[in-house]
Amino acid sequence: MSVLLVAAGAAVGAPLRYLVDRFVQRQAGATFPWGTLTVNLAGSLLLGLLTAWSGRTVGLLVGAGFCGAFTTYSTFGYETVRLAEEGALRHAVLNVVVSLGAGLAAAVAGVRLAGLF
């Protein structure tokens with residue numbers, strides 16, 4: 001049953017990540033990976049909320065499944081390396097610093113928001 005919950009969440013999270021990433025990147029129109037940053041921050045906030053709120057079933061479905069597929073560490077890593085290889089070293093460093101710092105802040109914010117309810 002656990003595997004099915006994770007798979008069901010992932011089946012929604014992965015396509016939504018693609019759609020959100022493409023939409024944000026189209027709107028930003030820049031070489032900086034705003035789409036990936038957006039999904040990773042949103043996923044960190046949601047996972048922070050879930051950690052404080054949910055039971056095991058919701059955690060598997062939304063935490064491991066949805067958030068696991070919605071967020072993307074591999075794309076973050078690839079895009080950071082690509083920026084550095086293309087000579088945009090400042091953007092590469094900024095991507096690492098903002099992604100890690102804001103991602104942690106979003107997760108903490110999620111936990112704190114959950115505590116308000």
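The values are calculated or read from the model by the stated rules, or taken from the named source; none is laboratory data. Computed from a prediction, not measured in an experiment: that's the story for all the values here. Every residue, glycine as well, gets a Cβ built from its backbone with ideal geometry; the counts of neighbours run over all protein chains shown.
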Is there a residue in the stretch 70-84 that is part of a helix (DSSP H, G or I), among the basic types (Lys, Arg), surrounded by 13 or more Cβ atoms within 10 Å (Cβ to Cβ) and more than 12 Å from the chain's Cα centre (by Cα)? yes
Any idea which of VAL12, VAL39 is within 10 Å of the chain's Cα centre (by Cα), β-branched (Val, Ile, Thr), modelled with pLDDT of 95 or more and within 29 Å of PHE117 (Cβ to Cβ)? VAL39
Looking at (1) within 25 Å of LEU5 (Cα to Cα); (2) within 17 Å of the chain's Cα centre (by Cα); (3) among the aromatic types (Phe, Trp, Tyr), which is the only condition TRP53 fails? (2)
Inspect all residues belonging to the stretch 55-62 and state whether any of them is under 28 Å from THR80 (Cα atoms) and part of a helix (DSSP H, G or I). yes
Looking at the stretch 87-117 only, could you name the residues that are over 24 Å from LEU49 (Cβ atoms), in a loop (DSSP other than H, G, I, E, B) and either of a type in the set (A, V, I, L, M) or touching a residue at least 24 places away in the same chain (Cβ under 8 Å) (or both)? ALA88
Of (1) in contact (Cβ under 8 Å) with a residue 24 or more places away in the chain; (2) more than 18 Å from ALA105 (Cβ to Cβ); (3) of a type outside the set (D, E, K, R), GLY77 satisfies all except one. Which? (1)
